[in-house]
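Chemist: Got a structure for you, written out below as structure tokens; questions coming shortly.
The values are calculated or read from the model by the stated rules, or taken from the named source; none is laboratory data. Given the structure is predicted, the values throughout are model-derived calculations rather than measurements. Don't worry about glycine lacking a Cβ; one is built from the backbone with ideal geometry, like all the others, and counts go over all protein chains shown.
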Amino acid sequence: MEQVISLVSDFVWGPPVLILLMGTGLFLTIRLKGLQLTRLPYALGLAFSRHQDKNSMGDISHFQALMTALAATVGTGNIVGVATAVVIGGPGAMVWMWLSALVGMATKYGEAILAVKYRVKDEAGMMAGGPMFYIEKGLNARWLGLVFAFFAVVASFGIGSGVQTNSISSALFETFRLPPWITAIVLVVSLAMVILGGIKVIGKVVSFFVPFMMIFYVAISLVAIFMNIELLPSAFAVIWNGAFSAQAFAGGMAGAAIRYGVARGVFSNEAGLGSAPIAAAAAISDHPGRQALVSMTQVFLDTIVICSMTGLILVMGGQYAGGLKGAALTMATFKGMIGGIGPYIVAIGLFLFAYSTVLGWSYYGERCIYYLAGQRAIMPYRIVFILIAGVGAVATNLDMVWNVSDVFNGLMAIPNLIGLLGLSGVIVAESRAFEKILARERAERKAKRKGDLVA
């Protein structure tokens, strides 16, 4: 059984699907004329703006939708996944992680624009959207939407719940000797208080929690970098040479850098997997293009910012070739760069990242179970999800659960990419319509400023 799962995992996270993911992002980048770069400043400003069009449909603000998606993606992959990429693929994997993020921003934009365009209201008056809806309504392929939703629900119980809480309890036990059963009780109670309240409560909690954890991790990482600033130029040189040098290609390391850089980048930011547009569909937005711009900043913040912090520190620390892996490598590197407090910082970061992932994925799974079984299935799903989170915290071996959920997480990409490619014309048309709205808004602001000057 383990061999079968391993073979499926090698395919799901192997070259064919990774090429399809990168290819879709590159295809959309070309069709959208590099919109993810030209519109990034506006998108970041919009994401963190307090202004909100309360007259439009939706359940949560642009910012809360972005934080919900970031809650799910800024997780163990930003610490453990980056370490895996650097160990197996070498420092050059960082370059390919960055490149995958740049094209992934276009993918994420396309996912969000379709999610908002094809979203619906459920029986409780809440928004429901995501790949399952735009596949059904846009491609007229409900069966494929059902496949996506099933994959997502299975993944949510593993990679979105039990596996994450197991990482939390392990980190807290190894660092602070806190018994797993205590961690399990605290997690079940705290998660129930948030998840049972639905997306509006989740949105309020993550809009406070996620910015705090990101600022905390980035601030500590910058302290580590500046304390060892003399190592930064050589680290960039090692990263660049590992990705493109003749020696790297001759030794086969370039291929490993490409594969693991892209794979861990996608695993971290989930561009193309179809999870984040489920949160985007809940946003209050007057046009799909506006929320799509906000959503694409998720990839920038997750990979270009957070993952880069971890990656740079790992390369600067130079311990990636010493046999350590995953969180242990990151902890040892932080310890070497900022002293004995380093492992505690990483443990706290793992706790915050993994906890936020559970909150984000609870909503993803909830919307997918709604698509599969209707409104009556939502509350039972929430309860089971929380209980699995508690069981995961005290489990001693979740390797099989991790591998299975990892496979289903990757399988989500296939129906989603079919939807994105099949509806790429809709993405372009909606983008052009929104560009006209932005042009009109610029003209109105210009006229207003001119009027104010005359007055």
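Chemist: Looking at the stretch 186-237, which of the residues that are modelled with pLDDT of 90 or more, among the aromatic types (Phe, Trp, Tyr) and under 22 Å from Leu172 (Cβ atoms) is surrounded by the most Cβ atoms within 10 Å (Cβ to Cβ)?
Modeler: My answer is Tyr217.
Chemist: For Thr357, all conditions in the list (1) touching a Phe, Trp or Tyr at 6+ places or on another chain (Cβ under 8 Å); (2) of a type in the set (S, T, N, Q); (3) crowded, with 23+ Cβ neighbours inside 10 Å hold save one; what is the number of the exception?
Modeler: Just one mismatch for Thr357, condition (1).
Chemist: With respect to Gly339, determine if the residue is without any contact (Cβ under 8 Å) to a residue 40 or more places away in the chain and surrounded by fewer than 20 Cβ atoms within 10 Å (Cβ to Cβ).
Modeler: Values: without any contact (Cβ under 8 Å) to a residue 40 or more places away in the chain: yes; surrounded by fewer than 20 Cβ atoms within 10 Å (Cβ to Cβ): yes.
Yes: the conditions hold for Gly339.
Each row is one residue, and each column tells you yes or no for (1) crowded, with 23+ Cβ neighbours inside 10 Å; (2) of a type in the set (S, T, N, Q); (3) in a helix (DSSP H, G or I).
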{"position": "Lys33", "(1), (2), (3)": "no, no, no"}
{"position": "Leu44", "(1), (2), (3)": "no, no, yes"}
{"position": "Ser49", "(1), (2), (3)": "no, yes, no"}
{"position": "Ser56", "(1), (2), (3)": "no, yes, no"}
{"position": "Leu66", "(1), (2), (3)": "yes, no, yes"}
{"position": "Ala69", "(1), (2), (3)": "yes, no, yes"}
{"position": "Ala83", "(1), (2), (3)": "yes, no, yes"}
{"position": "Glu111", "(1), (2), (3)": "yes, no, yes"}
{"position": "Leu114", "(1), (2), (3)": "yes, no, yes"}
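Chemist: Under 21 Å from Phe150 (Cα atoms) and without any contact (Cβ under 8 Å) to a residue 24 or more places away in the chain: which single residue out of Arg376, Arg367 fits that description?
Modeler: Arg376
Chemist: Could you count how many residues in the stretch 299-323 are touching a residue at least 60 places away in the same chain (Cβ under 8 Å), more than 24 Å from Pro233 (Cβ to Cβ) and not in a helix (DSSP H, G or I)?
Modeler: Looking only at that region, the number is 0.
Chemist: Mind checking which pairs have a first residue in the stretch 268-284 that is under 19 Å from Leu102 (Cβ atoms) and a second that is surrounded by fewer than 24 Cβ atoms within 10 Å (Cβ to Cβ) and of a type in the set (Gly, Ala, Ser), Cβ under 6 Å, 6 or more apart or different chains?
Modeler: Ser268/Gly81
Chemist: If I go through the stretch 412-453 residue by residue, how many of them are closer than 20 Å to Arg39 by Cα, of a type in the set (Gly, Ala, Ser) and in contact with a helix residue (DSSP H, G or I) (Cβ under 8 Å, 6 or more places away or on another chain)?
Modeler: 3
Chemist: Do any helices (runs of 4 or more DSSP H) lying entirely in the stretch 129-247 carry at least 1 residues that are in contact (Cβ under 8 Å) with a residue 24 or more places away in the chain and touching a Ser or Thr at 6+ places or on another chain (Cβ under 7 Å), and which ones are they?
Modeler: Hits in the stretch 129-247: 142-157, 163-176, 180-195, 199-227.
Chemist: Give me the helices (runs of 4 or more DSSP H) completely within the stretch 326-422, filtered to those with at least 1 residues that are at pLDDT 95 or above and within 19 Å of the chain's Cα centre (by Cα), ordered by residue number.
Modeler: The qualifying helices (runs of 4 or more DSSP H) are 342-373, 413-422.
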